[in-house]
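Enquirer: This structure is in structure tokens; I'll ask about it shortly.
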Amino acid sequence: MFNLIKYPVPSTYKSLCERPALESKSLDNLVEEIYSQVKLHGDKALIDYTLQFENRTITNIVFSNSEIEDFAAETDPALQEAIRVAYANIQAFHQSQILVENRIETSPGVVCWQKATPIEKIGIYIPGGTAPLFSTILMLAIPAQIAGCQEVILCTPGMHPALFFAAKLCGITKMCKVGGAQAIAALALGTDSVPKVYKIFGPGNQYVTAAKMMANRLGIAIDMPAGPSEVAIFADSSANPVFIAADLLSQAEHGNDSQVVLISTDEELINQSIREVKNQLKTLPRKEFAEKSLVYSKFILVNNEEEAVNLLNAYAAEHLILATENPELFADKIQHAGSIFLGHYTPEAAGDYASGTNHTLPTNGFAHAYSGVNLDSFVKKITLQSITKEGLNHLGKSIILMAEAESLQAHANAVKYRMD
């Protein structure tokens, strides 16, 4: 379970960066069948699949306003206040991302700029599972609010009161009782009860992920490809093994296929951290999940910081904790990560809940090319340009020469006729 890898060479980095493999046998076939049934039978398919997969009977797919109010009111008052604190921080951080119009005169008489328009219809999926992820509602619905999305549809099989409190706080348009791949199919295709949306957000198991990828093939946008959650930590001799162990376990308890990685130049620190993981593991309520996740854990001893940087950039972690004396200097060298947590008092759990940054992040190495969810995820950027007659006369010759060189005479003519 606790395998210490010493001084790996670059040729082994690829294998070191492998994540737990997802089962794929008959997965696509099952998801295709679910899509087919939802397309043919709509709400009835959702009701039937809920009974088949979850052993849960539903009649009305949409929660009524009174149900949402009643369930939300059951949320512990202290938890309500904690959620409000998180809401305020997440709202402030994402509000700062609003596009400020900036008109640029690229040449005399030629002005270009951008505007952001909201994606009108958004679908949010929150798993039922063993952890009620009401924090993810905040992470997705708050930027949707700021962006001005007109419809925000939430699908969840969960029944924790805080799910309803968070949904109400965020002004969710409609809340539906369905989960799993069938919920994603409903959002992608539309049924009598579940509106079709333009973009789907939210985590889930391999079935949900496969269903999101199929939605994407049907022309529905998704937040990003996703896999099991993960954390990588780089720690130097100044790090505290107790803190490191707690951070590793906070990720390991997510699920059986989560992955945790510790990289250090200090062998004794790694050994102390392993001992501390074993100690803290004993008292965790989700010990079984964490134990299975730790099978995929990696503890790696490197010669120096340069090797650590190279390995971390190859890994492209969803969450990267820099438990070092000078974390910002180290962070400057990191080019691939979903979110970075700097120093000894910045746990990854802060970003998961209440610091303000978004916790919906690229996993499975997708941080090489994908950003985490942010305000831009909920808007479309439209470019605008305005050219005066004098501006076109100034620019026209270049356009004509380029168009004719590409054998696109009509393009050239569109400029020539105006100049003439």
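The values are calculated or read from the model by the stated rules, or taken from the named source; none is laboratory data. The structure displayed is predicted, hence computed values, not measured ones. No Cβ is skipped: glycine too gets one built from the backbone with ideal geometry, and neighbour counts run over all protein chains shown. Each accessible area value is taken on the protein alone, full model and side chains, heavy atoms only, with ligands, DNA and RNA left out. Shrake-Rupley method; radii C 1.70, N 1.55, O 1.52, S 1.80 Å.
Enquirer: Enter the Cα centre distance for the pair the stretch 146-211 and the stretch 319-343, rounded to the nearest angstrom.
Expert: What the calculation gives is 33 Å, centre to centre.
Enquirer: Can you give the percent of C-alpha pairs in the stretch 337-385 whose distance is more than 12 Å?
Expert: Working: 812 of 1176 pairs.
I get 69 percent for the Cα pairs in the stretch 337-385 exceeding 12 Å.
Enquirer: Another one. Taking the chain as a Gaussian network, Cα atoms linked when under 10 Å apart, which of Asn102, Asn240, Asn89 shows the biggest mean-square fluctuation?
Expert: Comparing Asn102, Asn240, Asn89 in a Gaussian network model of the chain, the most mobile one is Asn102.
Enquirer: Have a look at the DSSP beta bridges in the stretch 98-184 and tell me what percent are antiparallel, nearest 5.
Expert: Values: 3 of 11 bridges.
Of those bridges, close to 25 percent are antiparallel.
Enquirer: Which one, Cys176, Ile68, Val302, projects farthest toward the positive side of the charge dipole computed for the chain from Cβ point charges (K/R +1, D/E -1)?
Expert: Cys176
Enquirer: What is the percent carbon and sulfur in the accessible area of the stretch 1-59, measuring with a 1.4 Å probe over the protein chains and ignoring ligands? It would help to have the intermediate numbers written out before the result.
Expert: Values: 2110 of 4050 Å².
That share works out to 52 percent.
Enquirer: What residues have an amide H closer than 5 Å to that of Ile233, excluding those fewer than 5 places away on the same chain, when H is modeled at 1.01 Å from N in the peptide plane?
Expert: Result for Ile233 returns Val261, Leu262, Ile263, Ile321.
Enquirer: Right, something else. Could you tell me what % of all Cα pairs in the stretch 265-420 have separations over 21 Å? Could you put the intermediate results ahead of the total?
Expert: On the way: 7916 of 12090 pairs.
Within the stretch 265-420, distances greater than 21 Å cover 65 percent of Cα pairs.
Enquirer: Over the Cα atoms of the stretch 1-143, each weighted equally, I'd like the Debye log10 I(q)/I(0) at q = 0.14, 0.20 Å⁻¹, rounded to two decimals.
Expert: Scattering profile of the stretch 1-143, log10 relative to I(0): -1.08, -1.31.
Enquirer: How much length would be gained if the chain were fully extended between Glu291 and Arg217, taking 0.36 nm per residue of separation minus their Cα-Cα distance, in nm to one decimal?
Expert: Working: separation 74, 0.36 × 74 = 26.64 nm, distance 3.60 nm.
Result for the pair: 23.0 nm of gain on full extension.
Enquirer: Determine the alpha carbon to alpha carbon distance for each of Lys44/Lys168; Lys177/Lys298; Lys6/Lys278; Lys115/Lys397; Lys39/Lys115; Lys6/Lys282 and list only those over 32 Å. If you can, show how the numbers build up before the last one.
Expert: Working: Lys44/Lys168 27 Å; Lys177/Lys298 38 Å; Lys6/Lys278 20 Å; Lys115/Lys397 29 Å; Lys39/Lys115 36 Å; Lys6/Lys282 27 Å.
Lys177/Lys298; Lys39/Lys115, as the Cα separations exceed 32 Å there.
Enquirer: While we're here: Over the stretch 222-287, what number does the Rg to Rh ratio reach, with both radii from the alpha-carbon atoms and Rh per Kirkwood? The partial results should precede the final answer.
Expert: Values: Rg = 13.0 Å, Rh = 12.6 Å.
Result: Rg/Rh = 1.03.
Enquirer: Divide, for the stretch 135-249, the radius of gyration over alpha carbons by 2.2 N^0.38 Å, where N is the residue count.
Expert: Numbers: Rg = 17.2 Å, N = 115, 2.2 N^0.38 = 13.4 Å.
Compactness ratio reported: 1.29.
Enquirer: So in the chain, what percent of DSSP beta bridges are antiparallel if you round to the nearest 5?
Expert: Details: 13 of 48 bridges.
Antiparallel: roughly 25 percent of the beta bridges in the chain.
Enquirer: Additional query: Would any residue of the stretch 364-389 have its amide N under 11 Å from a label point 7 Å out along Cα→Cβ of Lys115? List them or say none.
Expert: Under cut-off, by backbone N: 382-385.
Enquirer: Take every Cα pair under 8 Å in the chain that's 6+ residues apart, average their separations, divide by the length, and report that relative contact order as a whole percent. Don't skip to the answer; put the middle values down first.
Expert: Values: 800 pairs, mean separation 86.1, N = 420.
After rounding, I find 21 percent.
Enquirer: I would also like to ask the following. Could you grab the relative contact order for the stretch 194-275? Cα pairs under 8 Å, six or more apart, rounded to a whole percent. Can you show the working numbers first?
Expert: Numbers: 89 pairs, mean separation 22.4, N = 82.
Relative contact order for the stretch 194-275 comes out at 27 percent.
Enquirer: Per the Kirkwood formula on distinct C-alpha pairs, the Rh of the stretch 344-420 is how many angstrom? Could you put the intermediate results ahead of the total?
Expert: Values: mean 1/r = 0.0578 Å⁻¹.
Evaluated over the stretch 344-420, this radius sits at 17.3 Å.
Enquirer: Quickly estimate the mean residue ellipticity at 222 nm for the chain, helices only: each DSSP H run with n ≥ 4 gives -39500 (n - 2.57), and the total goes over all residues, rounded to 500. Could you put the intermediate results ahead of the total?
Expert: Details: 17 runs with 189 residues, N = 420.
Value at 222 nm, helices only, nearest 500: -13500 deg cm²/dmol.
Enquirer: Normalise the Debye intensity by I(0) for the stretch 206-352, one equal point scatterer per Cα, no solvent, then take log10 at q = 0.15, 0.17 Å⁻¹ and round to two decimals.
Expert: -0.75, -0.92
Enquirer: Same structure again: From the phi of every residue in the stretch 326-340, what ³J(HN,Hα) in whole Hz does the Karplus formula 6.51 cos²θ - 1.76 cosθ + 1.60 yield, where θ is phi - 60° and glycine or proline is x?
Expert: 10, x, 5, 5, 5, 4, 4, 8, 8, 10, 9, 6, x, 8, 10
Enquirer: If amide H atoms are built 1.01 Å from N in the plane of the peptide, which residues on other chains or at least 5 residues away come under 5 Å of the amide H of Ile222?
Expert: Result for Ile222 returns Ile200.
Enquirer: Counting every Cα pair in the stretch 36-88, what percent are over 14 Å apart? It would help to have the intermediate numbers written out before the result.
Expert: Values: 935 of 1378 pairs.
Here the tail beyond 14 Å accounts for 68 percent of pairs.
Enquirer: At 0.36 nm per residue, minus the direct Cα-Cα distance, what do Arg275 and Leu79 gain on full extension? Give it in nm, one decimal, please. Mind dumping the intermediate values first?
Expert: On the way: separation 196, 0.36 × 196 = 70.56 nm, distance 3.30 nm.
Extra length from Arg275 to Leu79 when fully extended: 67.3 nm.
Enquirer: Here's another thing I want to ask about it. From the mean inverse distance of alpha carbon pairs (Kirkwood) and the Cα radius of gyration, derive Rg over Rh for the chain.
Expert: Details: Rg = 24.9 Å, Rh = 23.8 Å.
Taking Rg over the Kirkwood Rh, I get 1.04.
Enquirer: To the nearest 20 Debye, how big is the dipole of the stretch 67-166 about its Cα centre, given +1 on the beta carbon of each Lys and Arg and -1 on that of each Asp and Glu? Present the calculation step by step, with values, prior to reporting the outcome.
Expert: Details: 4 positive and 10 negative charges, 96 e Å.
Once rounded to the nearest 20, the dipole reads 460 debye.
Enquirer: Per 5 Å bin from zero, what fraction in whole % of the C-alpha pairs of the stretch 103-155 is there, up to the bin with the longest pair?
Expert: P(r) for the stretch 103-155, in whole percents per bin: 4, 16, 19, 14, 10, 9, 8, 7, 5, 4, 2, 1, 0.
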